[in-house]
Structures are given as C-alpha cells and as structure tokens.
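What follows is calculated from the coordinates using simple rules that are stated; it is not laboratory data. What you are looking at is a predicted structure, and each value in this text was computed from that prediction instead of being measured. For neighbour counting, all protein chains shown are included, and Cβ atoms are generated from backbone atoms with ideal geometry for every residue, glycine included.
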Amino acid sequence: MSPDTPRSDGKMIGMPASPGIVIGPVHLLLWEVPDVPQRIIADEKIESEIARFHDALTTAKGRLAQVKARAERHAGPEEAAIFDVQVQILSDGELISSVEKFIRRNIGAEKAFDLVLIESRQNFARHAQPMIRERVGDLTDIHIRVLSILLGLPDHDPVDLPKGSNAILVTHDLTPSLTVQLDRDAIAAIATDEGTRTSHVAILARSLGLPAVVGLRDATRRVSGGDEIILDGSSGALIPRPTAVQIASYTLRAAREEADTVELQQLVGAEPVTLDGVRITLRANVDLPEEAEAAAHSGAEGVGLMRTEFLVVGRAAMPDEEEQYRAYRRVVEAFEGKPVVIRTFDVGGDKLPVGGFPHEANPFLGWRAIRMCLDEPEIFKTQLRALLRAAMHGDVRIMLPLVVSVEEVRQARHLLEEAAAELDDRGVDYRHGLPLGVMIETPAAVIVADTLVKDVAFFSIGTNDLVQYTLAVDRGNANLASRFTPLHPAVLRLIRRTVEVGNDNGLEVSVCGEMASQPLMAFALIGLGVRQLSVAGRSVPLVKRIVRGVSAEVAIDAANAALGAQTAREAEGVLRRHLFTAFGDAQFLRDGLPEYVDGNTFEGFGGP
Ligand code: PEP
Ligand code: MG
C-alpha cells in the first residue's frame with residue numbers, strides 16, 4: 001500500500017504539511033468547472049432565457065462585491081483588486097452578445113455560456129501578450145461562478161463563516177484567489193487533494209500556523225460539508241466521522257502537543273549550541289511581512305529567507321517601489337539590526353500571479369525566478385531600489401533564486417548598480433554595498449559553486465528545489481510525494497559539496513529549504529557541516545531542541561554513515577539510530593515525515 005491509499009475505516013493519509021491537531025466541521029470548497037448538460041429551448045422561451053442569463057450576471061457581480069470586501073478584510077486592498085478585473089469581464093459587451101447569439105439558436109443559457117467561455121479561455125491562453133494570458137485564471141473563476149448560478153449549484157465560495165467556527169477547509173487545491181479570502185479566525189486547518197510538503201500551499205499554511213495535510217488526492221470526494229473530521233498535520237492523517245474513541249485519543253494527543261509547544265517556548269532565549277559546543281545560527285523564514293514580529297520573538301537570530309512572492313502571487317499588477325519598501329522595512333525593523341536576507345522575486349513554477357505567468361508546458365523548467373527578473377529589468381530594478389532603501393533600517397542582504405551560472409549573478413549586480421544610480425539621481429537615501437548571495441537550488445549551481453565564490457557573499461541551499469531538480473521529482477505532485485526524498489544520497493552529496501566549497505572560500509553556507517525544519521534532517525545537516533539553518537518561525541524552538549540535544553561529533557558520524565547509504569530510506573534508518581541515544585523513539589522526530597502505512601517502521605529503527 002502507498003501512503004495515500006484509502007483505508008477501509010475511512011481514514012486518509014496524505015502529506016503532513018503543517019503540524020497541529022484540529023477536530024472540527026468540514027468546510028468543503030469545490031471550485032471546478034461543473035459538467036453542463038445540453039438543453040434545447042423552444043423559440044418562445046428565448047427572451048426569458050436571455051433574461052435569465054442577465055440575472056445570473058447580476059448575481060455574479062453581487063457575489064464578487066462580497067468576495068472583494070472579504071478579501072479586503074483578510075488580505076488587504078491590493079490583493080482584493082483582482083476581483084475588479086472579473087467584474088469588468090462580466091460586463092464585456094462582446095462576451096455577452098456571443099452568449100446571446102447561442103441562446104437565439106435555441107441553446108440553453110448554461111451551455112451557451114459554457115461554449116463561449118471555453119473558447120475565450122483557449123484564445124486567452126494562446127495570446128502573444130503575457131498580460132492577456134494572465135487573465136485566463138480570472139476567466140476560469142468567472143466560468144465556474146456563473147455556471148454555478150445558472151445550474152443552481154450550491155455556493156462553494158468561502159462563505160463568511162462565523163468567527164471561531166474551527167472549520168477544516170477541504171479543497172482540491174488552494175489557489176491564490178482562494179487564499180486571499182481565507183478567514184483565519186474561522187478556518188482552523190486545511191486539507192487539499194493536491195500538493196506536497198514543499199508546495200506553496202504547505203509553506204503558506206506553516207507561515208500562518210494553520211495545521212495542514214496536503215496531497216490527499218480525493219478528500220473532496222470522500223467528505224461532505226459539515227461532517228465532523230479529525231486532521232492531524234503532524235502525521236498527515238484525515239479521519240472523517242471519527243468514533244468517540246478516536247476523538248478521545250486525538251484530544252489527548254492534541255493536549256500533549258500543546259504542552260510540548262509550551263515547553264519548547266522555554267527555549268526561546270536559549271543559545272543554539274550543541275552538547276560539544278558547536279554554535280549553530282538559527283534564522284527564520286518569513287513569507288509574509290505580518291509574520292515578522294512573531295518570527296522575531298521565536299528566538300531567531302535574523303531572517304535567513306524572506307520570500308517576496310506574496311507581493312506578486314494572486315495579484316493582478318506588480319507592486320510599486322513604495323509598497324515594496326514598506327513591506328521590506330517592516331521586516332527589517334522587526335529584527336532590529338539582525339541580518340535579514342531578502343530573496344528577489346522567485347515568481348514562476350507554482351508561485352504565480354493571477355492567471356499564470358505566462359502559460360508554459362514546463363513551468364518549473366521555465367521562465368521563472370532570476371530568469372524572469374533579468375529579462376524584465378524594470379520590474380527587477382524596482383525591487384532592487386526598494387531593497388536598497390529598506391537597508392537604511394537594518395542589515396539587509398540580497399539573495400538571488402535559481403541561479404545556474406555566474407553570468408546571472410554578474411548581470412544582477414549590474415542591474416543593482418543601475419538601481420543605485422537611479423536612487424542617486426532622485427536624491428533618495430540608500431545603503432551602499434549590500435551583500436549579494438545566491439540560492440543553491442540546482443545541481444548545476446552546486447557543480448559550478450567554485451566559479452561563483454568570487455562574485456557572491458554567501459550560499460543558501462534551497463533544498464525544496466534542489467531535491468526537485470536533482471531527483472527530477474515535481475515538488476508539488478502528490479503522486480510523487482514518496483519519491484521526494486531529501487535524504488537521497490545524491491542530495492546529501494550535493495549539500496556536502498556546497499559546504500566544502502563554501503568553507504574553502506570563507507563563504508557562509510546556510511540551508512533555508514524545508515529540510516532544515518524536519519528534526520531528523522536538521523541533525524543530518526549539522527553533520528554535513530551546515531552551521532546556519534533557516535526555518536519557519538514556529539519551527540525555530542523545535543530545531544533548537546535538536547541542536548541542544550546532540551553533539552556535532554555524533555551528527556558528523558551519522559552524516560558520514562548516511563552519505564555511504566545506498567538509499568534515502570537506509571540513510572533515514574542510519575540517522576535515527578544515531579539520534580536514538582539523545583531522543584529515544586520520540587514522536588516529534590517523525591513529524592513532517594509521511595506516515596508509512598506498513599506500521600511506520602524503518603530499517604534499523606528501534607535503538608542503537
Ligand atoms: C527552496 O527551494 O528550498 C526554497 C527555500 O525556496 P522556495 O521553497 O521558495 O522555492
Ligand atoms: Mg526554491
């Protein structure tokens with residue numbers, strides 16, 4: 001059985017994406033284009049059918065006004081602006097007359113609308129201009145919304161749930177337009193059919209502190225709205241209609257996890273130093289500026305990765321310099337002079353603006369991250385100017401994503417100089433000489449790391465992408481989740497090589513991918529010689545517990561043995577054996593790893 005095989009008792013196992021146990025009612029959100037039956041209407045019904053179509057448009061606009069107001073409350077006015085575009089499309093004269101023409105040919109309103117939208121979406125997707133292609137997502141939203149009204153289907157938009165509903169959102173995938181509507185006071189956890197631990201829905205859930213299970217494949221078909229359900233974000237379990245015994249057992253586990261969290265809080269002020277005195281620097285990953293203050297109180301010694309895609313993903317327009325400056329400054333000030341590594345836009349792959357950017361057959365191998373920034377110098381320089389200005393308020397370091405060659409670094413540096421000159425011309429204050437580092441996220445970057453050292457100030461290993469590109473395993477594909485193995489010997493060797501090149505050339509090497517926050521893997525990274533880890537703010541105390549509970553010498557022995565393993569599973573067994581002396585068979589060592597349906601047994605597990 002694979003980890004995602006349905007169980008006979010109804011329990012489902014997906015990927016544990018964000019820890020925490022929630023017992024609550026399902027809020028089912030189905031946001032897919034429904035099937036539309038063919039319906040022929042009589043001549044005398046044509047006018048009333050056209051009127052019905054116009055009523056549906058009016059209802060849809062009303063809904064959009066509500067949705068926009070909700071998004072404004074939960075995410076802010078800039079994010080909510082995406083819904084204005086949809087209202088404009090609903091009023092488009094050409095679209096309306098095309099639908100009317102079909103109705104006049106005796107086709108029912110829903111089929112007429114369906115045919116027109118299918119064609120428009122195809123035309124938009126093929127359009128030469130990226131701005132037009134980006135609108136496909138809006139058309140899809142409209143397609144679903146108007147058809148649902150015409151077909152009298154239940155409204156699956158995230159309705160205004162009362163605060164404190166403690167609802168578990170079950171949906172196919174969390175799209176940007178859904179994310180901006182999410183009411184964190186009503187939704188207590190997320191479960192999705194799609195996604196993996198490193199897909200951005202998972203990362204976002206961890207940032208928001210919402211327990212989440214992803215990659216459940218067909219959860220939306222196996223639960224009903226209002227069902228009571230248990231979600232365990234640590235093991236990846238989803239249990240619909242639980243028995244009293246299951247509820248009692250998970251309530252107990254939830255209380256234990258709660259107590260553990262309180263205990264971990266005691267570590268906030270403690271130094272991250274191993275038993276044999278090796279100092280590890282622990283920094284926080286910040287995905288949204290609103291997280292900055294909490295992350296700063298987690299005991300993190302700065303920010304190892306600030307993702308900036310929140311400024312773009314799910315938005316209809318690129319943010320201006322002022323908006324970016326304010327966002328970066330907020331994070332920099334929260335960390336009061338500690339280093340804040342801000343990554344330039346890593347747009348593309350599964351981090352997309354509204355409607356796609358642009359539509360590509362292989363987005364993960366496509367026009368993304370540094371490639372897009374270098375090709376769009378005005379977008380990139382706007383960001384660089386905002387970063388240079390924000391650096392007046394603290395220790396900002398700039399990091400480039402998805403670099404594969406030193407040329408990209410040199411081009412980026414050239415644009416950085418141009419951005420600085422533009423600020424000079426405007427007479428605006430900024431900080432000179434910001435450190436410029438790179439993410440090591442591709443096998444190419446590791447192999448040519450020695451050619452980068454003279455041009456960069458630091459390396460930060462992005463293991464989410466490094467695993468994806470090394471093993472050729474899509475990080476967001478639920479069907480491949482069990483093959484996404486950061487402990488694969490190829491990945492371990494690439495990390496070791498990066499550390500060696502960094503050490504030989506006096507460059508700091510950190511790890512900011514999700515691997516750093518999984519206890520067993522953090523232990524492996526320390527053993528591989530990594531001395532800086534950057535993890536979600538909430539994971540800082542957990543990783544500190546690992547650091548303080550092990551000796552670097554044991555970690556080095558364990559990592560050497562893991563490097564010699566033939567498979568990821570064997571490496572995992574080796575690491576567990578070495579950690580056993582320190583932590584025994586503690587549950588938290590498994591958190592973030594998939595629950596193996598065959599009893600969670602690993603080769604070699606169970607003691608030294
Ligand atoms: C990574 O790839 O490991 C990383 C930290 O970047 P992201 O997850 O944003 O792609
Ligand atoms: Mg990455």
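Given R₀ = 30 Å, what would the calculated FRET efficiency be for residue 503 paired with residue 365, taking r from the Cβ atoms and rounding to 0.05? Walk me through the intermediate numbers first.
Numbers: r = 31 Å, r/R0 = 1.03.
It comes out at approximately 0.45.
Look at the dipole of the chain built from charges on Cβ: of 401, 116, 463, the Cα furthest out on the positive end belongs to 463.
Geometric descriptor of the stretch 12-89, per residue, is 194 Å³ (volume of the convex hull of the Cα atoms).
Centre-to-centre separation between the Cα atoms of the stretch 489-522 and those of the stretch 538-568: 12 Å. For the chain, the mean residue ellipticity at 222 nm estimated from helices alone is -13500 deg cm²/dmol, where every DSSP H run of n ≥ 4 contributes -39500 (n - 2.57) and the total is divided by all residues, rounded to the nearest 500. Kirkwood Rh over alpha-carbon pairs of the stretch 178-250, then Stokes-Einstein at 4 °C and 1.567 mPa s: what D in µm² s⁻¹, rounded to an integer? Translational diffusion coefficient: 100 µm²/s.
Per residue, the average separation of C-alpha pairs within less than 8 Å and at least 6 apart gives the stretch 357-451 a relative contact order of 35 percent.
Tell me whether the stretch 209-347 comes out rounded, prolate or oblate; compute the Cα gyration tensor, take square roots of the eigenvalues as a ≥ b ≥ c, and use a/c under 1.5 as the rounded threshold. Working shown, then result.
Details: a/c = 2.88, a/b = 1.34, b/c = 2.15.
Note, shape of the stretch 209-347 comes out oblate.
Of the trypsin sites (Lys or Arg not before Pro) in the stretch 166-271, which ones lie in a loop per DSSP and count no more than 12 other C-beta atoms within 10 Å?
Numbers: sites: 184, 197, 206, 217, 221, 222, 253, 256; in loops: 184, 197, 217.
Passing sites in the stretch 166-271 are 184.
Structural descriptor for the chain: relative contact order 16 percent, calculated from alpha carbon pairs under 8 angstrom and at least 6 residues apart. Measure off 7 Å from each Cα along the Cα-to-Cβ vector at residue 317 and residue 106, then give the distance between these two points in nanometres to one decimal. Those two pseudo-labels are separated by 4.8 nm. Its Cα centre serving as origin, the chain has a Cβ charge dipole (Lys and Arg +1, Asp and Glu -1) of approximately 780 debye. Hydrophobic, long helices, defined as DSSP H runs whose alpha-carbon span along the helix axis is 18 Å or greater and whose mean Kyte-Doolittle value is at least -1.0, occur in the chain at 46-74, 109-126, 136-150, 244-265, 377-390, 406-426, 489-504, 568-583.
Of the residues 87, 67, 38, the one whose Cα sits farthest towards the positive end of the charge dipole of the stretch 19-103 is 67 (charges of +1 on Lys and Arg Cβ, -1 on Asp and Glu Cβ, taken about the Cα centre). Among 528, 498, 581, which residue has its Cα furthest toward the positive end of the charge dipole of the chain, with +1 on Lys/Arg Cβ and -1 on Asp/Glu Cβ? Ranked along the dipole, the leading option is 581. Computed log10 I(q)/I(0) for the chain at 0.05, 0.07, 0.12 Å⁻¹: -0.23, -0.45, -1.26, from the Debye equation with unit scatterers placed on every C-alpha and solvent omitted.
Of the GluC sites (Glu not before Pro) in the stretch 9-64, the ones in a loop by DSSP (not H, G, I, E or B) with at most 15 other beta carbons within 10 Å are 32. Taking the average, over residues, of other Cβ atoms within 10 Å as the packing measure, peptides 144-151, 436-443 rank 436-443, 144-151 from highest down. When the alpha carbon coordinates of the stretch 460-583 are projected onto the principal axes, the ranges are 36, 34, 32 Å, largest first. Using the Cβ of residue 23 as centre and a radius below 12 Å, the other residues enclosed give a net charge of -1, where K and R count +1 and D and E count -1.
Considering only DSSP beta bridges where both residues belong to the chain, give the percentage that are antiparallel (nearest 5).
Numbers: 17 of 55 bridges.
Looking only at bridges with both residues in the chain, the antiparallel portion is about 30 percent.
On a per residue basis, the convex hull of the C-alpha atoms belonging to the stretch 453-531 measures out at 90 Å³.
Suppose R0 equals 35 Å; then what is the FRET efficiency for residue 259 and residue 392 from their Cβ-Cβ distance, rounded to the nearest 0.05? Mind dumping the intermediate values first?
Working: r = 43 Å, r/R0 = 1.24.
After rounding, the FRET efficiency stands at 0.20.
With a cut-off of 11 Å on the backbone N, the residues of the stretch 392-427 near the modelled label site 7 Å out from residue 451 along Cα-Cβ are 404-408.
Once you reduce the stretch 384-458 and the stretch 51-114 to the center of their Cα atoms, the two points are 43 Å from each other. If you count Lys pairs in the chain whose Cα atoms are under 19 Å apart, skipping same-chain pairs closer than 8 places in sequence, the total is 5.
With each label modelled as a point 7 angstrom along the Cα→C-beta vector, the residue 84-residue 165 pair spans 2.8 nm.
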